[in-house]
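The values are calculated or read from the model by the stated rules, or taken from the named source; none is laboratory data. The shown structure was predicted, so the numbers you read here are calculated from the model rather than taken from an experiment. Don't worry about glycine lacking a Cβ; one is built from the backbone with ideal geometry, like all the others, and counts go over all protein chains shown.
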Amino acid sequence: MTATPQALEHLAIAAAAADAKGAVDAVALDVSEPLPLTDIFLIVSGRNERNVSAIAGEIEDKLIEAGTKPLRREGKAEGRWVLMDFGDLIVHVFHEEDRLYYGLERLWKDCPVLPLPEAMGRTEALD
């Protein structure tokens, strides 16, 4: 089983939104095989709590504009780890420190990595 075309479309929207707000270290994992309830995890980092909240807000806004509402959202007030469930796409927006601590990529290391736009995942300092 692989991610659906709709899930890949949602991923593209979410990745572009995250990039627009300065997300770094983006990774998309196809989790459709081990998790029958979703297709893709998008994991991104923000540099601080304000950045994490801005990234999460932009992703949510852009997916809502595209007609996809979140089924569940957690952690936005704290700005350390925001989890947003859009059904076929689950987005994890981490503060850099929390991402290292929880290590989701290690937990899901057997899942295929999906390509992201070239600008995503950059790690250089933002202006």
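Structural remarks
- Helices (runs of 4 or more DSSP H) enclosed by the stretch 38-127 - at least 3 residues per element that are touching a Ser or Thr at 6+ places or on another chain (Cβ under 6 Å), crowded, with 18+ Cβ neighbours inside 10 Å and at pLDDT below 95: none
- When the residues of the stretch 66-103 are filtered to those that are free of Cβ contacts under 8 Å to residues at least 40 places away in the same chain and touching a Lys or Arg at 6+ places or on another chain (Cβ under 6 Å), the one that is nearest to Val52 (Cα to Cα) is Val82.
- Yes/no for Arg106 being without any contact (Cβ under 8 Å) to a residue 12 or more places away in the chain and within 24 Å of Ala3 (Cα to Cα): yes
- Residue check, Glu49 farther than 14 Å from Val91 by Cα and charged (D, E, K, R): yes
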